[in-house]
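Read the structure below first, then the notes.
The values are calculated or read from the model by the stated rules, or taken from the named source; none is laboratory data. What you see is a predicted model, and the numbers here were worked out from it, not measured in a lab. Every residue, glycine among them, receives a Cβ derived from its backbone with ideal geometry; neighbour counts consider all protein chains shown. Just so you know, the surface numbers come from the protein's heavy atoms only, side chains and all, with ligands and any DNA or RNA stripped out. Shrake-Rupley method; radii C 1.70, N 1.55, O 1.52, S 1.80 Å.
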Amino acid sequence: MTLLKRHALTAYSLLVVAYLMLPIAVVILFSFNEPAGRFNYVWQEFTFDNWVEWDAVLGLRDAVMTSLLVGVLATVVATVLGTLMALAIVRHEFRGRGAANVLVFLPMSTPEIVLGASLLTLFLNMTSVFSLGLWTIFIAHVMFVVSFVVVTVKARLIGFDRHLEEAAMDLGANEWATFRKVTLPMIAPGVAAAALLAAAISVDDYVITSFNAGQTITFPLFIFGATRQGVPPEVNVLATGLLLIVLVLMALNVLLQRRLARRDAARTA
């Protein structure tokens, strides 16, 4: 009984993790399946053909490339804007700071269907400037992922030691040199985590994208359309590939954080 009590939390945690990972494991497993028909729901036979010919399905490659393009552009812009916004909110006192904090959280707390419909109304009222397509998806994604960037970078800045910046400026560094050589390297793990989160949200989004895509098809929109006729195993292949890319980037971010932590500890010692 004592042994059971001692490891109860560990066992419970493992069960929760297994429950969360089970759908992902099914997606990975069925990327190696060779279905008998259009529906990849029943295991038939193991094969690598789906991985070799991952772009055999018409329109799948274009949908993935569109999602990656929008994800990269939205991530870069949202990360830059969100980092600057977080620096302004945390570091400076200005009129409307409280309102800015509230506005940052609004896209995160508002239902996506409301955001999507509102953005669609905006774009339809500006048809002389925008036509629904790639750029409207990009603008919509920047609008709602920038909030996640701000919140993530703010968490990193709140624990930042301002004395390091003061020491750099005492040694003759100007504001730009201090930011480039002291501030940015120190908050880089937080910025990287924010960028990864923004990229994952952007590539994964369906609801807001479906309102503002027009005739443009992204990967989530392609999957939704494919479900009506049967999801091909190549979709599982690409989903697994994107998962592996995200895991690699997360591992690199963790290694970077550990490296910076060891360097800071060495400097302190």
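Table for the structure above
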{"item": "Among residues of region 120-164, those that are in contact with a Gly (Cβ under 9 Å, 6 or more places away or on another chain) and not hydrophobic (A, V, I, L, M, F, W, C), counted", "result": "8"}
{"item": "Single unsatisfied condition, residue 194 versus (1) open to solvent by less than 30 Å² (accessible area, probe 1.4 Å); (2) modelled with pLDDT under 85; (3) closer than 16 Å to residue 76 by Cα", "result": "(2)"}
{"item": "Number of positions in region 123-150 that are farther than 20 Å from residue 78 by Cα and assigned to a helix (DSSP H, G or I)", "result": "1"}
{"item": "Region 62-113, residues that are in a helix (DSSP H, G or I) and among the hydroxyl-bearing types (Ser, Thr, Tyr)", "result": "66, 67, 75, 79, 83, 109"}
{"item": "Residue 207 vs. criteria on the phi < 0 side of the Ramachandran plot, in contact (Cβ under 8 Å) with a residue 60 or more places away in the chain, surrounded by 15 or more Cβ atoms within 10 Å (Cβ to Cβ) and not polar (S, T, N, Q)", "result": "no"}
{"item": "Contacts under 6 angstrom Cβ, first residue in region 73-97 being farther than 20 Å from residue 166 by Cα and open to solvent by 70 Å² or more (accessible area, probe 1.4 Å), partner part of a helix (DSSP H, G or I) and among the aliphatic types (A, V, I, L, M), 6 or more apart", "result": "81/146; 85/150"}
{"item": "Condition met for residue 40 (at negative phi, of a type in the set (S, T, N, Q), open to solvent by less than 100 Å² (accessible area, probe 1.4 Å) and assigned to a loop (DSSP other than H, G, I, E, B))", "result": "yes"}
{"item": "Selection count where residues are in contact with an Asp or Glu (Cβ under 7 Å, 6 or more places away or on another chain) and surrounded by fewer than 18 Cβ atoms within 10 Å (Cβ to Cβ), scope region 58-72", "result": "1"}
{"item": "Region 172-194 residues that are more than 16 Å from residue 85 (Cα to Cα), paired with ones that are buried (at least 16 other Cβ atoms within 10 Å of the Cβ) and among the small types (Gly, Ala, Ser) (beta carbon under 8 Å, 6 or more apart)", "result": "177/168; 178/168; 181/168; 181/173; 182/168; 182/173"}
{"item": "Residue match in region 142-163 (condition: at pLDDT 90 or above, farther than 28 Å from residue 254 by Cβ and open to solvent by 20 Å² or more (accessible area, probe 1.4 Å))", "result": "yes"}
{"item": "Subset tally (residues that are touching a residue at least 40 places away in the same chain (Cβ under 8 Å), open to solvent by 20 Å² or more (accessible area, probe 1.4 Å) and either on the phi > 0 side of the Ramachandran plot or more than 20 Å from the chain's Cα centre (by Cα) (or both)) for region 212-230", "result": "4"}
{"item": "Qualifying residue in region 54-61 (condition: touching a residue at least 60 places away in the same chain (Cβ under 8 Å), in a helix (DSSP H, G or I), closer than 21 Å to residue 204 by Cα and under 23 Å from the mean Cα position of the chain (by Cα))", "result": "yes"}
{"item": "Filter result (under 16 Å from residue 235 (Cα atoms) and touching a residue at least 12 places away in the same chain (Cβ under 8 Å)) within region 31-45", "result": "31, 32, 33, 34, 35, 37, 38, 39, 40, 43"}
{"item": "Residues being open to solvent by less than 100 Å² (accessible area, probe 1.4 Å) and either in contact with a Pro (Cβ under 7 Å, 6 or more places away or on another chain) or farther than 21 Å from residue 240 by Cβ (or both) - total across region 3-35", "result": "10"}
{"item": "Test for residue 179: is it of a type in the set (Phe, Trp, Tyr), surrounded by 14 or more Cβ atoms within 10 Å (Cβ to Cβ) and more than 21 Å from the chain's Cα centre (by Cα)", "result": "yes"}
